[in-house]
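Peer 1: Got a structure here, written out as structure tokens. Questions coming.
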Amino acid sequence: MTPTTVSAQPPRTAGESAGPADRDLIACRERIRAQYGRDEAAVVRELLQQRPLSEADRATVVTGAVKLVEALRREAAPTMMESFLGEYGLSTREGVGLMCLAEALLRVPELFWTKKK
């Protein structure tokens, strides 16, 4: 598998003519947009029929994916919301109460808080 390079040139204005690399990029983007909303499994099957992967290519993809997932799991710190839900899950009375309080505070008009200052 050879990687595809993309030009880092700024987009052209309507008055400028597109060169071959720009036309290739435009065509590539149109093909990607045409796939929007399609079933991912069906798209992957079609792509693999058009360009089958060798066992070596498959192994390379799997190895890269595993490394990426492991790095993300190792380096990603939980967000504040994830920590909050871990401490006060929505399956507990406390968690439901805190979530209701947060929702109620979101509904209070901003004007109310600005007059308090």
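Only the coordinates and a few stated rules stand behind these numbers; no lab work does. It should be emphasised that the depicted structure is a prediction, and the values quoted were computed from it without experimental measurement. All Cβ positions, even for glycine, are placed from backbone atoms using ideal geometry, and neighbour counts span all protein chains on display.
Peer 1: Compute the orientation-averaged projected area for region 20-75 from the convex hull of its Cα atoms and round it to one decimal in nm². Don't skip to the answer; put the middle values down first.
Peer 2: Details: hull surface 24.0 nm².
Averaged projected area of region 20-75's Cα convex hull equals 6.0 nm².
Peer 1: With the crude spin-label approximation of a point 7 Å out along Cα→Cβ, what separation in nm comes out for LYS67 versus ILE26?
Peer 2: With each label point 7 Å from Cα toward Cβ, the separation is 3.7 nm.
Peer 1: Among TYR36, TYR88, rank each residue by its count of other Cβ atoms within 10 Å, from fewest to most, as a rough exposure measure.
Peer 2: Lowest count first: TYR36, TYR88.
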